[in-house]
Amino acid sequence: AQYVLPPILARFTEKYPQIEVSLIDTNSRNVEQALHEHAIDLGMIEGVFRAPTLKYEPFLCDELVPVVSCMNTDSEIPDELTLDELRAMPLVLRERGSGTLDAIEMVLAEQGLKLSSLNVRMHLGSTEGIKSFLRCSNCMGIVSICALERELKEGDFQVIDIEGLQFKRHFCFVSAQGQESDTVLNFMRFVRHFLSGK
């Protein structure tokens, strides 16, 4: 909602000024609930498939990366952590109900790790909140690479590799089964076209 969609929405509303578009930024479970209640026409969430009455279509692959602030570290953090070092590392993560947290939990489960076995200091409701928190702490966060472009260029944050872990996820369109309008289908085509760079 903050990093991928705004430039797409700017182009879409220029091309189709007669279509009224509203963006609601909330977590994945709330998006699914809004679709069940017919409060929205289309959702875009991380691809952790849940509701059998909803249709999920992947449209973008994203990587979540572990990061630390370069501005506020009292001690040297290595470029790569073992799983044991990850367990001890203080973490700040997204809130329950967030597709980001669901994606992190799925990757951890593949390695036999539970979130409860990690040293989670805080859950926050936004990526920007996590980035601000990290600037003032020695914690590590796990956020989308899309959200870090400027900070990585400027040297504010450092990506940390974790042995055997790669946090990949897919963003998906989600809609009520068989209820997509022509406008919704047109928007989905537009997003795919924009992201393909054609």
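Annotations
- Crossing angle, helix 5-15 versus the chain [Cα axis fit, 0-90 degrees, rounded to tens]: 20
- DSSP-assigned coil residues among GluC sites (Glu not before Pro) in the stretch 35-135, each with at most 15 further Cβ atoms within 10 Å: GLU37, GLU76, GLU95
- Cα centroid separation - the stretch 174-194 against the stretch 122-173, whole Å: 29
- When the helices of the chain are scored as -39500 (n - 2.57) per DSSP H run of n ≥ 4 and the total is divided over every residue, the value at 222 nm lands at -10000 deg cm²/dmol.
- For the chain, built as a Gaussian network whose Cα springs stay under 10 Å, the top-fluctuating residue of THR127, THR82, THR100: THR82
- Within the chain, DSSP assigns beta bridges of which about 70% are antiparallel (rounded to the nearest 5).
- The calculated pair-distance distribution of the stretch 1-85 uses every alpha carbon pair, bins of 10 angstrom beginning at 0, and gives 12, 32, 26, 18, 11, 1 percent.
- The mean sequence distance of close C-alpha pairs (under 8 Å, at least 6 residues apart), as a share of the length of the chain, puts its relative contact order at 37 percent.
- Surface composition of the chain: carbon plus sulfur atoms contribute 49% of the solvent-accessible area (1.4 Å probe, protein chains only, all chains present).
- With at most 16 neighbouring Cβ atoms within 10 Å, loop chymotrypsin sites (Phe, Trp or Tyr not before Pro) (DSSP) excluded, longest segment of the chain: 50-198
- Cα gyration tensor, the stretch 156-198 - rounded (a/c under 1.5), prolate or oblate: prolate
- Heavy-atom accessible area order for MET122, MET44, largest first, 1.4 Å probe: MET122, MET44
- With each label modelled as a point 7 angstrom along the Cα→C-beta vector, the GLN179-PHE49 pair spans 2.0 nm.
- Debye log10 I(q)/I(0) for the stretch 47-102, one point scatterer per Cα, at q = 0.21, 0.30 Å⁻¹: -1.00, -1.39
- Placing unit charges on each Cβ (+1 for Lys and Arg, -1 for Asp and Glu) gives the chain a dipole about its Cα centre, and among LEU195, LEU42, CYS136 the Cα reaching farthest toward its positive end belongs to LEU42.
- Percent of alpha-carbon pairs separated by more than 24 Å within the chain: 45
- Dipole magnitude of the stretch 122-195 about its Cα centre (Cβ charges: Lys, Arg +1; Asp, Glu -1), debye to nearest 20: 100
- The angle between the Cα long axis of helix 99-110 and the longest principal axis of the Cα atoms of the chain comes to about 50 degrees, rounded to the nearest 10.
- Taking the Cα centre of the stretch 22-61 as reference, the dipole from Cβ charges on Lys and Arg (+1) and Asp and Glu (-1) amounts to some 140 debye.
- Placing +1 on each Lys and Arg Cβ and -1 on each Asp and Glu Cβ, with no other charges, gives the stretch 1-140 a dipole about its Cα centre of roughly 300 debye.
The values are calculated or read from the model by the stated rules, or taken from the named source; none is laboratory data. From a predicted model like this one, the values you see are computed outputs, not experimental measurements. Counting neighbours? That spans all protein chains shown, and the Cβs are built from the backbone with ideal geometry, glycine included. Each accessible area value is taken on the protein alone, full model and side chains, heavy atoms only, with ligands, DNA and RNA left out. Shrake-Rupley method; radii C 1.70, N 1.55, O 1.52, S 1.80 Å.
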